[in-house]
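What follows is a set of notes on a single structure, which appears directly below.
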Amino acid sequence: MQVHRAPPHLLAALLLLLAVAAATSPARALNITTILAGHPDCSTFNHYLSVTHLAAEINSRTTITVLAVSNAAMNDLLAEHPSTATLKNILSLHVLLDYFDSKKLHQLTDGFALAATLFQSTGSAPGSSGFVNITDVKGGKVGFAPEEGGSSDVGVYFVKSLQEVPYNISVIQISKVLPSAIAAAPAPEPTQVNVTEVMAAHGCKEFADALSNSSDAMKTYEDNVVGGLTAFCPLDDPFKAFQPKFNNLSAADRASFLEFFAVPIYMSMSMLRSNNGLMNTLATDGSRKFDFTVQNDGQDVTLKTKVNTVKITGTLLDEQPLVIYTLDKVLLPQELFKAALSPAPAPAPTPEKAAESPKAAAKHKSPPAPPTSGSSDAPADSPDGTVADQTANASVRICCGRFGFMALSLLLVVLAL
C-alpha cells in the first residue's frame with residue numbers, strides 16, 4: 001500500500017485552521033461580569049455595569065477594551081449621586097471600541113492613540129466628547145483623558161491588566177474615573193412609554209389587557225422600562241385561544257406568567273440574533289427559573305422552552321431602552337405548564353382495570369404545585385452575568401463544533417492526497 005504524503009502547504013493550512021479554532025473559542029466564552037468577578041477590588045464597577053445594562057452591550061461586541069476602576073474610585077463617583085442614566089454615560093466612556101492590552105499601550109505609534117467609546121456610539125456625546133486620548137507619557141506611564149478636555153494628562157493612568165484575550169477583549173484597571181463634564185451632566189430619563197397602549201394598538205390587546213389587570217406584573221414592567229426592557233406579546237388570536245388556561249392560574253401565577261414575557265435588558269433584533277442561548281426574565285426568582293432559549297435561523301428568531309417554541313413575527317416599538325416584539329403563539333413556561341401539557345405516558349390498562357382509566361387520566365390534568373424558591377442551582381440575581389455566561393457557553397459549543405468539522409474535513413482531504 002502506497003502512503004501519500006500531504007503537501008507542506010496543506011499541512012500548514014490545517015495547522016492554521018486549528019490555531020484559529022483554538023484562539024476563537026475561548027474568546028467567545030468570556031464575558032465582562034465573569035472576568036471582573038475574579039477581581040473583588042473592582043466589584044462596585046462590575047455591579048454597575050449590570051445595573052446600567054452595559055454588561056450585555058460589552059458582551060455583544062468582539063473587539064473591546066474595558067477601563068475598570070477600583071471600589072474606592074467608584075465610591076467617589078457615587079458620592080455625587082448621579083442618576084442611572086448619567087452613570088451609564090460615565091461608564092460608557094470607560095468602554096473603548098478597540099483592543100488595547102498592556103503591550104500595545106506601551107508601544108503606541110508616536111506614543112499616542114485616540115479611541116472611540118460606547119458613549120460616542122450612543123449618539124449622546126456631542127462633538128468629540130465620546131473619544132478618549134491614550135498617551136504613553138514619560139516614565140513608562142500610560143495616561144487616559146477624554147478628548148473634550150483638550151489635555152492629554154488629567155492624572156488618570158494605567159494600573160494593571162486584569163484580563164487579555166488578544167484582539168477580542170482586554171480588561172485593564174486605571175487609577176481614577178475619567179473626568180468628563182459632558183458624560184456627568186444630568187441625563188434626561190427616557191420618555192415614559194405606556195407599554196400596554198403600544199401593545200393594544202398593534203394587535204396584542206388581549207395580552208395588554210391581561211397585563212393591565214395584574215397590578216404586580218404591571219409595576220414590574222414599569223420599574224424596568226427606564227433601565228432597559230425587552231417585551232414579547234402574543235398576538236390576539238393565539239392569546240384568546242389560550243385565555244381559559246390563563247384564567248385557571250392563581251393571581252400569583254398569572255403575574256409570573258405575564259412577567260415571563262419580558263427580559264430586564266434592551267435587546268435589539270441584531271442582539272437577539274447574535275446572542276442565542278438562555279435568557280432570564282422578569283419572572284426569574286430562585287428555583288422558579290422562568291427562562292427561555294433564544295435561537296435564530298437566518299433572519300428568523302424563535303423563543304423556546306421545554307414545552308413549546310414560538311416565533312418573533314414583528315417589532316412594535318424599538319426605542320432604546322425599550323423594545324416590544326410580537327409572537328405568533330403563546331410561549332409556555334415549564335414552571336406552570338410542563339406537566340399539564342407533557343404528561344408521562346400511562347401504561348396500557350389491563351382488562352380488569354379498564355374502569356379505572358378515567359381517574360388516572362384525570363390526575364394528569366392538574367399540574368403540580370410550582371417549586372419553592374431558594375434552590376442552590378438558582379440563577380444569579382443579575383441576569384446580565386448569568387445570561388451572558390449561558391449564552392457564551394452555547395456559542396462556544398457551536399463555534400467549536402463548526403471549527404472541529406472544518407478541521408476534520410480538511411484533514412480528510414489532506415490524507416486522501
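The values are calculated or read from the model by the stated rules, or taken from the named source; none is laboratory data. As the structure is a prediction and not an experimental result, all values here were calculated from the model. Using ideal geometry, Cβ is built from the backbone for each residue, glycine included, and neighbour counts are taken over all protein chains shown. Areas reflect the complete protein model, heavy atoms only, side chains present, ligands, DNA and RNA absent. Shrake-Rupley method; radii C 1.70, N 1.55, O 1.52, S 1.80 Å.
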### Message
Checking the condition under 21 Å from Ala56 (Cα atoms), in contact with a strand residue (DSSP E or B) (Cβ under 9 Å, 6 or more places away or on another chain) and among the polar types (S, T, N, Q), which residue from Ser102, Ser161, Ser92, Ser129 passes?
### Response
Ser92
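Just the residues that are open to solvent by 50 Å² or more (accessible area, probe 1.4 Å) and assigned to a loop (DSSP other than H, G, I, E, B), please, taken from region 59-80.
We begin by selecting, within region 59-80, every residue open to solvent by 50 Å² or more (accessible area, probe 1.4 Å); these are 61-63, 72, 75-76, 79-80.
Passing the criteria: Arg61, Thr62, Thr63, Ala79, Glu80.
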## Note on the structure
Residue pairs qualifying under the 9 Å Cβ cut-off, at least six apart or on distinct chains, with the first in region 278-303 being of a type in the set (Gly, Ala, Ser) and the second being assigned to a strand (DSSP E or B) and surrounded by fewer than 21 Cβ atoms within 10 Å (Cβ to Cβ), are none
### Query
Does region 259-269 include one or more residues that are in contact with a Gly (Cβ under 6 Å, 6 or more places away or on another chain) and not hydrophobic (A, V, I, L, M, F, W, C)?
yes
#### Entry: Leu54 being open to solvent by less than 40 Å² (accessible area, probe 1.4 Å) and at pLDDT 95 or above
no
### Query
What number of residues within region 193-217 are closer than 30 Å to Leu87 by Cα and open to solvent by 30 Å² or more (accessible area, probe 1.4 Å)?
5
### Task
Report, by residue number, each residue of region 34-64 that is within 12 Å of His94 (Cβ to Cβ) and out of contact with any helix residue (DSSP H, G or I) (no Cβ under 9 Å at 6 or more places or on another chain).
none
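Going by what's in this entry, would Ser274 be described as within 25 Å of Asn308 (Cα to Cα) and modelled with pLDDT under 95? Quick ask: steps written out before the conclusion?
Values: within 25 Å of Asn308 (Cα to Cα): yes; modelled with pLDDT under 95: yes.
The answer is yes for Ser274.
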